[in-house]
Amino acid sequence: MADEKQYSRRAMGKLAAGALAAAGMASLPGQALAAPHYRAHGPLLTDGYQTWIDAINNQGANLAKVVTGWGVPGPGPWANYPDHVWTAAGATNFLIVRTVTGDTNRMIDPNQAVAEIRDSKFFEYKRIRSGADKCIIELGNEPNIGVADPWAYGYNLNVTIDRIRETFPGAKICGTALSPNKTTNPDTWYANPNFVNAIKKCDFVGVHFYSNADDGNFAAQGGWNELTYSETLTRCAQKWPGKPVIGTEYSMRTTRLTPYQKGYKYGHFMHFDDSVAGSLWGATYYHVQTNPSGVDFQENVGSEGARGYRKRLSEGGL
């Protein structure tokens, strides 16, 4: 993005006020004083709309994420709940809206992508409430899990990007994040010219990274046959130098940490861990999921995770 530096600085709206305090803050007991990293941050909604709104407020989040196909506060599509979409559009400075087309085993379809964004009304309302450039449209999700042909996906993604730019002027576009699991061959996709060239046309690179360790250590994920955050961000820098990156999913999968503890660790990792590459513009943690029978319920951090996140930010002067 031509105005990446300026845009990234603006993105940190609610964090920026804490910078002055951080500059002169004494070290806390047991913690080394580190210059904070100003990154956009917030929760991803899978299920539990009101809990997600509570999490945004508890955290003071300036970024959040929704998916066009679920997270709805009742039966039917998002179009049935315009008041909820309106509230979501104004809840944070930036909003990521992800499509269902292009997800895991679905080839991305330009017509469906346009229909999803249009019919959900997230872009329409976000443009009114915050400005079109505060809506980040994320295209697809981990297609290396179930789509066999990265060449064809990259071709369709390229067409989809053009259609999204034409139909939703001013919106930012985040490229498709890959699964870091090595059995799904992410490096095959990172090496595919069609996929790489399509992502070049986006404003952001999307990535995912996770931790299976009981202590939530993201750096140890290689032991679970997945690319670590560091490996993934290095690949992004090699393939798309200078392009900002969004962690559109990250989580600690362990059940040995409470939601509050996970949130605290998320806050530390995102804003006070110098090992995280500076290209990471922001991230949304996975996830608010209040349905016990729903997908990945064990990774739900509800609204308490947000309190832990806010606690760590406050300790660091943010």
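Structure notes:
- Filter on K65/K243; K65/K201; K65/K182; K121/K239; K200/K311; K65/K200 - keep pairs with C-alpha separation over 30 Å: K121/K239; K200/K311
- If you plug the beta carbon distance of W70 and A219 into 1/(1 + (r/R0)^6) with R0 = 35 Å, you get a FRET efficiency near 0.65.
- Per residue, the chain exposes an accessible area of 39 Å² to a 1.4 Å probe, with every protein chain left in place.
- Given charges at Cβ of Lys, Arg, Asp, Glu: the stretch 65-174 dipole, positive-most of Q112, G170, G154: G170
- Taking only protein heavy atoms and a 1.4 Å probe, the accessible area of the chain is 50% carbon and sulfur.
The values are calculated or read from the model by the stated rules, or taken from the named source; none is laboratory data. Quick caveat: nothing in here was measured; it's all calculated off a predicted structure. When we count neighbours, we look across all protein chains shown, and the Cβ atoms used for this are built from the backbone with ideal geometry, even at glycine. Please note that ligands, DNA and RNA were not included when accessible areas were found on the heavy atoms of the full protein model with its side chains. Shrake-Rupley method; radii C 1.70, N 1.55, O 1.52, S 1.80 Å.
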